[in-house]
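> One structure is given below, represented as structure tokens, and several questions about it will come after.
Bear in mind that the values in this text are calculations on the coordinates, not laboratory data. Since this is a predicted model, take the numbers as computed values, not measurements. Cβ coordinates were reconstructed from backbone atoms using ideal geometry, including for glycine residues, and neighbour counts include every protein chain displayed.
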């Protein structure tokens, strides 16, 4: 049975499209010499020689004092009060308001369960607050704290970022 000459261009076009897609999906080949450079090998052998941007944060006691609040264009708002000296939490409370969702309150009795490399606070209800340093900023994150929020609000809560130098929240 002979095929119609009108169908051949369609088959050729489909074949050409498949070949082009396959060419795009094939990863480039990298020779073993290109895979690692001498600098990469030196960095893996001696992490202290890594460029400054790759060095880990030093483990040191956390010191931060802030009483801040912010509200973004969408209406998301947060307030935090932190007083931490040498990784010892003297005072902590926070509130987050999520537009059209509700609010969360992170205050009351927390027990400090860790000081280094980051500060951790836990409450009897399971709510955990982690506070850690990132350059000149301090991050306050929340885990398992849905019971401290209006129903369904905790899914929309972001960490609070505190600028250590200015004391402002973001």
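> Kindly put 95, 69, 148 in sequence by how many other C-beta atoms sit within 10 Å of each C-beta, fewest to most. Before the final figure, lay out each step's value.
Working: 95 17, 69 13, 148 23.
Ranking 95, 69, 148 by Cβ neighbours within 10 Å, fewest first, gives 69, 95, 148.
> Right, next: Which FRET efficiency value, to the nearest 0.05, do you get for residue 60 and residue 168 by plugging their Cβ-Cβ distance into 1/(1 + (r/R0)^6) with R0 = 30 Å?
For R0 = 30 Å, the calculated efficiency reads 0.85.
> If we restrict to alpha carbons, what Rg and Dmax does the range 67-170 come to, in Å?
Here Rg and the maximum Cα pair distance are 13.1, 39 Å.
> Please report 144, 136 as a ranked list, fewest other C-beta atoms within 10 angstrom at the top and most at the bottom. Working shown, then result.
Values: 144 13, 136 10.
Result, fewest neighbours first: 136, 144.
> Obtain the nm distance between the two label points defined at residue 90 and residue 158 by a simple spin-label model: each point lies 7 Å from its Cα along the Cα-to-C-beta direction.
Using points 7 Å along Cα→Cβ, the separation is 3.0 nm.
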